[in-house]
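Chemist: One structure, as structure tokens, below. Some questions next.
The values are calculated or read from the model by the stated rules, or taken from the named source; none is laboratory data. Since the model is a prediction, treat every value here as computed from it, not as a measurement. When we count neighbours, we look across all protein chains shown, and the Cβ atoms used for this are built from the backbone with ideal geometry, even at glycine.
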Amino acid sequence: MDNAATNNQETFVLNVGPQHPATHGVLRLKLTLDGEYVVRAEPVLGYIHRMHEKMGENRTWAQFMPNTGRMDYLSALSYNHGYAAAVERAMGITVPERAEYLRVITVELNRISSHLVWFGAYLLDLGGFTPLLYAFDDREKILNLLESVTGSRLTYCYFRFGGVYNDIDENFVDGVKEFIKTMRRSLPMYHNLVSKNIILLKRLKDIGPISRETIRKYGATGPVARGSGVDYDVRKNEPYSVYPEFDFEVPVYHEGDSMARYMVRMDEIEQSMRIIEQALDKLPAGPVMAAKTPRIIKPPKGDYYQAVEAARGSFGVRIVSDGTNTAYRLKLRSPSFSNLSLFSAVSEGMLLADALALLGSLDLVIPEIDR
Amino acid sequence: MDSELIRVIAFLVGIIAFAALNAAYLVWLERKGAAHIQRRIGPKEVGPFGLLQPMVDGIKLMTKQILIPDGVDPVLFRLAPILAMVPAIMSFVTIPFSETLVARNINVGLLMIFAFASVNVLALLLGGWASNNKYAVISAARAVSQNIAYEIPMLITVITMVMITGTLNLNEIVAQQPNISQWYIFRFSASPLMPVAFLIFFICSLAETNRAPFDLGEAESELVAGFHTEYSSMGFGLFFMGEYANIVIGCSLAVVLFLGGWQDPFGLYPGVWWFLLKLYLLIFTVIWIRWTFPRTQFYGLLNLSWKILIPVSMFNLLLTAGFLKVF
Amino acid sequence: MRNMDFTKLKEQLRPLAILEDVVVGEPPEEDTGSEARVAPEPEKLAAMHEPDYLARGFNLDVRVEAGKVVEAAGILDEHGFFLEAVTGVDWPQEGQLEVVYDYCLWQPQCRVVVRTRLDRQSPVVPTISTICPGANWHERETHDFFGIEFSGHPDLRPLLLPDDADFHPLLKDFKAHG
């Protein structure tokens, strides 16, 4: 940023956050504004930094599992999945097929609920209050379903090394089918009421375009990348779990604007439902825990990497093990961290309201950035 | 004592009560309306259907401490909420609720309302400026440009109306619309664009009162609470009441100018009930809009006014002038 | 590397890799699944390995001198890789700090790990934020947690830790309380 612009008498600094309705958590944006135009935006992080990575070094492998659910409180199961898969990779544990199917079903339900929260909260950012309540209404059904099988509603800790801790029952299967039925009715309604709204289109079309190159240079992933024409989804490009067995599409939009990111997430809801339906149809019988999981987890020395597609992008776990029952080093690569890092580059020269619309379209969950 | 003076004082008390009660119960209506639009229940604990909720809220607001932050302009900071409320109440003076139920039937009633309405923006500006808060200043700047942008098409439409009616007296304007075919919204003989004129007037009054989708002044996701970010207790309360009073004024004017005021659609039983019915239907529409649409972007708002509303209203003005000349 | 031949990439990266004499008992170098075809001289190996993807989760593991990380980043950037993360690992016994760069390709699937070891007393490594602007925050974070100095970095203020933090929590000699 050139100093002439920042030292200009006409500019002033506006602190958006750490307590501000648009930041959905304790994120702070230091915006240098010229009138309502953003001259420079600097996100300030760390307000809820908890040093999960150090905790990982101080607890046993199994004890760290609940931490993963507390990073991204909206799609906790993806983070469970990433961590469990990383440790399973290190230990060479094979997960029974039924357990993998259950993982996929619950993770995808969680993804839908995460996108629904984003949908509601984003519209709230744009000044539309009502969609939030509708989205939460649908999400409530998912939370009830997941509660019945995982025991918790938000910060799940459902996965175990070698499987999942609880099998599903008939009620869950019926409930999920019922939910998909209602969601299939809700989604067109959302598109009719919201996606086609002229005010929304005016506010999102061509606002905050992010180029493919910017996406790559900043390492952005997930719907943010797919809204900019990047066909990258860990589930497809680096398949893990049983995802290769399902027929689903990765929605990609090439415009790169906020509307494209919006549409990617809305389409992903439909794709997740497709995955869930197929998984329920194909759900094999069998155990939900690997029979030969060692009682004490001690991965052999070495380092291991596992990426999964969380609701916000590629979540990576890098494990460095020294062969003991705690991690030697546990790196958690969170998608929103990279996704947010491009904000200051993209928001330059935008109007305040557009910059906040861009911020919302990145779908940030602050605890996951701060870890 | 002058009986006229007593009458006016009695009316003023009545108007203040009406404005305050309206503000309180419009909040209730808004919350209930919003709740039903959003598949919720809304207030229900205090009194039947939560009807006492506004009273409780009012008491809460009144008993709270008024916080005056450091570095504010103490005079302007206190003045702004009063400026927001008083002109709104004053505007009620000339609104004809029925043929006789009008505080002061003055010849330039329409002019007076617009004179007071322009003071409203001053309140937002002062409140925003005096707060020593950047959000408030941005909001004040927005409010001013928004109000200027929307006062123009609104006044052009009103000029059109005055040309047609030939009077600034609100009671006379109502008297000219004895039944539904005579209502100015359907008076195609005056100008084929009358429904459009009504629409322009309605949109402008939404924008003038800073209502969604034009509530940029208090866009909570951008500016926290805009010009009243720093106001607490009744300082906030007055702004709030002023906003609702302005909605009532805006809708009343729309009813008077276009929807026949207190006249019965069939010319049978004219009276205050018709006025209130039309008024609250319009107000409900305002609430409905708020809970349905997202907020516009600022340039979208200005574009709408400068590129669409003003040209259309100007065209309507010329068209009406031509019609008046020809017929 | 399954879908595509990354010969060119490997040829470009190999000169950057340090030569290691013997495989020491260090965790990262333990797995040497397909090393056979790499080495011209058995005792001087280029520290570039292709671990078993299914066991490790990455396809290529290159260890370079600290001065070469920028060059490596440039090569990977040319090939269309993006930076997933930068992180550190503390090895107090060896008196070393390791910096790990995770790169990933959109398509076809390929993950490359570039790592370098620094002296634990004065850990300095050039910044790669000139090539990947996204590295800016990752390096700031690594600076927070390990005290690793990224020379040439535009802004090394603490990112996740408080502004006045004078400790580096992920060093092994930092004891977490409670």
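Chemist: Considering only the range C:124-151, state which residues are β-branched (V, I, T) and over 18 Å from A:I215 (Cβ atoms).
Modeler: Scanning the range C:124-151 gives C:V124, C:V125, C:T127, C:T130, C:T142, C:I148.
Chemist: Specify the residue that is farthest from the other protein chains (Cβ to nearest Cβ); the eligible residues are those in the range C:115-144 that are of a type in the set (V, I, T) and without any contact (Cβ under 8 Å) to a residue 60 or more places away in the chain.
Modeler: Only one residue fits best here, namely C:V124.
Chemist: Among the residues of the range B:124-181, count how many are at negative phi and assigned to a loop (DSSP other than H, G, I, E, B).
Modeler: Residues meeting the conditions: 9.
Chemist: Determine whether the range A:194-205 contains at least one residue that is within 14 Å of chain C (Cβ to nearest Cβ), hydrophobic (A, V, I, L, M, F, W, C) and assigned to a helix (DSSP H, G or I).
Modeler: no
Chemist: A further question on this structure: Identify all residues within the range A:341-371 that are closer than 17 Å to A:G227 by Cα and within 13 Å of the chain's Cα centre (by Cα); write none if there are none.
Modeler: A:S361, A:L362, A:D363, A:L364
Chemist: How many of the residues in the range B:15-39 are surrounded by 14 or more Cβ atoms within 10 Å (Cβ to Cβ) and without any contact (Cβ under 8 Å) to a residue 12 or more places away in the chain?
Modeler: Looking only at that region, the number is 1.
Chemist: What about B:S233, is it more than 14 Å from chain A (Cβ to nearest Cβ), crowded, with 24+ Cβ neighbours inside 10 Å and either touching a residue at least 24 places away in the same chain (Cβ under 8 Å) or within 24 Å of B:I66 (Cα to Cα) (or both)?
Modeler: No: the conditions fail for B:S233.
Chemist: Tell me, which helices (runs of 4 or more DSSP H) wholly within the range A:273-371 include 1 or more residues that are within 11 Å of chain C (Cβ to nearest Cβ) and touching a Phe, Trp or Tyr at 6+ places or on another chain (Cβ under 6 Å)?
Modeler: A:335-341, A:366-370
Chemist: Continuing with the same structure: Within the bounds of the range A:323-330, is there any residue that is crowded, with 24+ Cβ neighbours inside 10 Å and either among the hydrophobic types (A, V, I, L, M, F, W, C) or free of Cβ contacts under 8 Å to residues at least 12 places away in the same chain (or both)?
Modeler: yes
Chemist: Which condition number does B:A115 fail, the rest of (1) surrounded by fewer than 18 Cβ atoms within 10 Å (Cβ to Cβ); (2) within 27 Å of B:L277 (Cβ to Cβ); (3) at pLDDT 85 or above being met?
Modeler: (2)
Conditions (1) in contact (Cβ under 8 Å) with a residue 12 or more places away in the chain; (2) under 19 Å from B:N147 (Cα atoms); (3) surrounded by fewer than 22 Cβ atoms within 10 Å (Cβ to Cβ); (4) out of contact with any strand residue (DSSP E or B) (no Cβ under 9 Å at 6 or more places or on another chain), marked per residue:
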{"position": "B:E218", "(1), (2), (3), (4)": "yes, yes, no, yes"}
{"position": "B:L223", "(1), (2), (3), (4)": "yes, yes, no, yes"}
{"position": "B:H228", "(1), (2), (3), (4)": "yes, yes, no, yes"}
{"position": "B:Y244", "(1), (2), (3), (4)": "yes, yes, no, yes"}
{"position": "B:L253", "(1), (2), (3), (4)": "yes, yes, no, yes"}
{"position": "B:L257", "(1), (2), (3), (4)": "yes, no, no, yes"}
{"position": "B:W291", "(1), (2), (3), (4)": "yes, no, yes, yes"}
{"position": "B:G300", "(1), (2), (3), (4)": "no, yes, yes, yes"}
{"position": "B:I310", "(1), (2), (3), (4)": "yes, yes, yes, yes"}
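Chemist: Show me the strands (runs of 3 or more DSSP E) found entirely inside the range C:73-163 where at least 2 residues are touching a Ser or Thr at 6+ places or on another chain (Cβ under 9 Å) and of a type outside the set (S, T, N, Q).
Modeler: C:81-91, C:96-105, C:124-126, C:149-151
Chemist: Among (1) of a type in the set (A, V, I, L, M); (2) in contact (Cβ under 8 Å) with a residue 60 or more places away in the chain; (3) within 14 Å of chain B (Cβ to nearest Cβ); (4) surrounded by 23 or more Cβ atoms within 10 Å (Cβ to Cβ), where does A:A135 come up short?
Modeler: (2) is the only condition that A:A135 fails.
Chemist: Please state which one of A:G151, A:G120, A:G175, A:G128 is of a type outside the set (A, V, I, L, M, F, W, C) and at positive phi.
Modeler: Every option except A:G151 fails the conditions.
Chemist: Another question, then. Test C:L171 against the criterion of being under 18 Å from A:S341 (Cα atoms) and either within 11 Å of chain A (Cβ to nearest Cβ) or touching a residue at least 60 places away in the same chain (Cβ under 8 Å) (or both), and give yes or no.
Modeler: No, not satisfied.
Chemist: Provide a single number: the residues in the range C:96-135 that are of a type in the set (D, E) and either within 18 Å of A:S314 (Cα to Cα) or crowded, with 21+ Cβ neighbours inside 10 Å (or both).
Modeler: 2
Chemist: I've got another one for you. Conditions first: (1) assigned to a loop (DSSP other than H, G, I, E, B); (2) surrounded by 17 or more Cβ atoms within 10 Å (Cβ to Cβ); (3) under 18 Å from the mean Cα position of the chain (by Cα). A:I168 passes all but one, so which condition is the exception?
Modeler: Of everything listed in (1) assigned to a loop (DSSP other than H, G, I, E, B); (2) surrounded by 17 or more Cβ atoms within 10 Å (Cβ to Cβ); (3) under 18 Å from the mean Cα position of the chain (by Cα), A:I168 misses just condition (3).
Chemist: Anything in the range A:57-112 that is without any contact (Cβ under 8 Å) to a residue 12 or more places away in the chain and touching a helix residue (DSSP H, G or I) at 6+ places or on another chain (Cβ under 8 Å)? List them, or say none.
Modeler: A:G92
Chemist: For residues that are among the hydrophobic types (A, V, I, L, M, F, W, C) and within 23 Å of B:P54 (Cβ to Cβ), scanning just the range B:198-226, find the one that is nearest to the other protein chains (Cβ to nearest Cβ).
Modeler: Filtering the range B:198-226 for residues that are among the hydrophobic types (A, V, I, L, M, F, W, C) and within 23 Å of B:P54 (Cβ to Cβ), the one nearest to the other protein chains (Cβ to nearest Cβ) comes out as B:A212.
Chemist: Taking the range C:82-114 as the search range and keeping residues that are closer than 19 Å to C:L170 by Cβ and of a type in the set (S, T, Y), which one is nearest to the other protein chains (Cβ to nearest Cβ)?
Modeler: Filtering the range C:82-114 for residues that are closer than 19 Å to C:L170 by Cβ and of a type in the set (S, T, Y), the one nearest to the other protein chains (Cβ to nearest Cβ) comes out as C:T87.
Chemist: Mind checking which residues of the range B:28-77 are among the polar types (S, T, N, Q) and either in a loop (DSSP other than H, G, I, E, B) or closer than 30 Å to B:L125 by Cβ (or both)?
Modeler: Result: B:Q38, B:T63, B:Q65.
Chemist: Next up: Can you name the number of the only condition in (1) within 18 Å of the chain's Cα centre (by Cα); (2) away from chain B (no Cβ under 11 Å) that A:L145 fails?
Modeler: (1)
Chemist: Please verify whether the range B:78-96 includes one or more residues that are part of a helix (DSSP H, G or I), more than 20 Å from the chain's Cα centre (by Cα) and either at pLDDT below 85 or over 25 Å from B:I308 (Cα atoms) (or both).
Modeler: yes
Chemist: Take A:A76 and tell me if it is under 27 Å from A:S321 (Cα atoms) and out of contact with any Ser or Thr (no Cβ under 7 Å at 6 or more places or on another chain).
Modeler: no
Chemist: Restricting to the range A:208-235, name every residue that is more than 9 Å from every other protein chain (Cβ to nearest Cβ) and surrounded by fewer than 19 Cβ atoms within 10 Å (Cβ to Cβ).
Modeler: A:P209, A:S211, A:R212, A:E213, A:G229 - these are the residues of the range A:208-235 that are more than 9 Å from every other protein chain (Cβ to nearest Cβ) and surrounded by fewer than 19 Cβ atoms within 10 Å (Cβ to Cβ).
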